[in-house]
1. Tell me, what is the FRET efficiency for Gln139 and Ile21 to the nearest 0.05, using R0 = 35 angstrom and their Cβ-Cβ distance as r?
2. If R₀ is 25 angstrom, what is the calculated FRET efficiency for the pair Ile113 and Gln57, using the beta carbon separation as r and rounding to 0.05?
3. Can you pull the one-decimal nm distance between simple spin-label points at Thr81 and Ile223, each 7 Å off the Cα toward Cβ?
4. Per-residue counts of other Cβ atoms within 10 Å, averaged by peptide: what ranking do you get for 190-203, 74-87, highest first?
Amino acid sequence: MYRFKMDKNLKIALGTIYLFILILFLYFLFSKFDVSRINDFSYYKILQGNIDQFIGQNITLNLFLFFIFAIIWIMLLGFGTPIVLLSGILFGKWIGTFISTISISVGALFLYIVAKFFFIDLVNSLLKDKFIKYIKRFQKNEFYYFFAFRIAGGLGMPFPLQNVLPVIFNIKNSNYFFASFLGFIPHFFIWNSVGAGINNFIKISDNFSFMNLILNKEIYFPIIIFLILILISFIVKKIFFK
């Protein structure tokens, strides 16, 4: 009874913190955004220039703030793709890939530790029966299989569920972190490249054209690689998780 009450209180606390952060983020975003100019491409060019200038003024501080924000976002069951795209827009594909990979890996690890400590009974009751046949495989080489799971894009599961699922396998924290970090890199590099491509498109274009955006090699090339990764993920799923 005490454990249930503590779990319920923690859920309420985490939900409250998540809503607070989300409201602050949305307030900051819309306070700086002129909704009346939403269809004005020149306005996005101004925003892009302001963002580049702001990031460039203190890159170290902004990387640190992004790092903390991404960890909190993932711990509070946020999705990964928006953060990865944002890091590409803000920091470019190389630095963006590094900061998003390490911050999301840390955030996912913290979420895993919290879930394992507070919600292990709940997670097991919801998921263990569905994945019972994989438990012995993971126990034989948990790093190997969890790395394959991350490379396979979490088998199409929602990102928060991907981060919590390993509770039923009781994976070591070190294996969880490094398998996540290495498995994230290909996917995160692709989405950071797309984010950086969108940023560069806004910078060099005089007007918006969806076709020009899609036909920009900084956009279509990463998308092609992503489609190849989906194919690889399908093959990995067939080999390791059949």
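1. Efficiency at R0 = 35 Å is approximately 0.45.
2. 0.10
3. The modelled label-to-label distance comes out at 1.3 nm.
4. The most tightly packed comes first, giving 190-203, 74-87.
Rule-based calculations on the coordinates, nothing more; no lab input. As the structure is a computational prediction, the values presented were derived from the model and not from experiment. We place every Cβ from the backbone using ideal geometry, glycine too, and count neighbours over all the protein chains shown.
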